[in-house]
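Down below is the structure, laid out as C-alpha cells.
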Amino acid sequence: MSKVFDAYQHVGDLAKFYDEMMTNSGVLGSLALKFFWGLNSSAYEKFLTQAFAGLPKNFSGRLLEVPVGTGVLSLPIYRELDGAEIFCVDLSDKMLDAAKLRAAQLNLRGVTFIQGDVTNLPFANETFDLVLSVNGFHVFPDKISAHNEVRRVLKRGGTFCGSVYVAGQNRRTDLFVKKFCERHGFFSPPYETLASLKKFLRERYGRVEVTNVESFAGFVCVK
Ligand SMILES: C[S@@+](CC[C@H](N)C(=O)[O-])C[C@H]1O[C@@H](n2cnc3c(N)ncnc32)[C@H](O)[C@@H]1O
C-alpha cells in the first residue's frame, strides 16, 4: 500500500504529464498511449466512451468516484450533472490537490473530495446510486476488500461502472505493466483477464456488461 501511495504522490507532483497521457494530448502523452497501450486516437475515444458508459448523461442522485486521481476525465463531465451529489475519494493528497484545483477552475459545485482508502470507505451501507471507478482496480493491492467496500456502499439496484486494465490482450502492454508500472508501484498484481473479470463480476452483480478496447475493459454492473 505505501509503495502505491508513494508512487501516486509523485504523479501528483507531475500531474501535467499524467493529465496529458490520460487525455491523449501533448506529444509524449499521445506517444505513450499509442506505443504502450495500443491506443490510437480513435481507440482512445472508444476507451473513454466505455469508461463512462454506465454514467447516464442526466444522472441525478448520489455518486461516488473512487479513485478520482486528478479528476482529469471525470470532473468536466460532472459540470453537466446539476442534480447529483458527488463524492470523490483518493488515497493520495497530492492527486486530490490537483483534482481540487481543477474543480475550482471548472467552478464545480456539489462535489466533495475526501482523502481515503477504497478498502475502508467512510460511508454507511447502501449510500450510493452509482459508484464509478476509472483505472483504479489494477492499482489497488487488496482488490477483494476494494470490491467488497464498493458493493457495500452501493444501493440495491445501483450501478458500479468504470474501466480497468486486463492482462492477456496485448503482449507489449503486459510487458510494460510488469516491467514499469508494477515495478514503480503504479499497478499491483494480480490482474484480471477479460474472461476472469466477467466471471468475477457476474458472481457479484445481477446484470453485468463488459467490453474492451485493447487492454482496457469497461464494465457496467447493477447490484
Ligand atoms: C491510475 S490513477 C486513476 C485515477 C483516475 N480515476 C483517472 O482516471 O485519472 C489511480 C489512483 O488510485 C489511487 N489509489 C491507489 N490506492 C488507493 C486506495 N487504496 N484507495 C483509494 N485510492 C487509491 C492513487 O492515488 C491514484 O490517484
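Taking only the C-alpha atoms of region 148-192, Rg followed by Dmax gives 14.3, 40 Å. By the helix-only formula, in which each DSSP H run with n ≥ 4 contributes -39500 (n - 2.57) and the sum is divided by residues, the chain has a 222 nm mean residue ellipticity of -11500 deg cm²/dmol. Work from the charge dipole of the chain (Cβ charges, +1 for Lys and Arg, -1 for Asp and Glu, about the Cα centre) and give the residue of Leu73, Leu108, Val134 farthest towards its positive end. Among Leu73, Leu108, Val134, the one farthest towards the positive end of the dipole of the chain is Val134.
Mind checking the dipole of the chain: about its Cα centre, +1 per Lys or Arg Cβ, -1 per Asp or Glu Cβ, Debye to the nearest 20?
Details: 27 positive and 23 negative charges, 115 e Å.
Here the chain has a charge dipole of around 560 debye.
Pairwise Cα distances in the chain exceed 23 Å for 43 percent of all pairs. Taking Leu91, Leu63, Leu108 in turn, the Gaussian network model of the chain (Cα-Cα springs below 10 Å) assigns the largest fluctuation to Leu108. For region 107-123, putting each phi into the Karplus relation 6.51 cos²θ - 1.76 cosθ + 1.60 with θ = phi - 60° gives couplings of 6, 7, 10, x, 10, 10, 9, 9, 7, x, 10, 4, 7, 8, 6, x, 9 Hz, in residue order, rounded to whole numbers and with x for Gly and Pro.
Read the figures in this text as sums done on the coordinates, not as results from a lab. Quantities reported herein were computed from a predicted structural model and do not represent experimental measurements. Note that each Cβ is placed from the backbone with ideal geometry, even for glycine, and that neighbours are counted across all protein chains shown.
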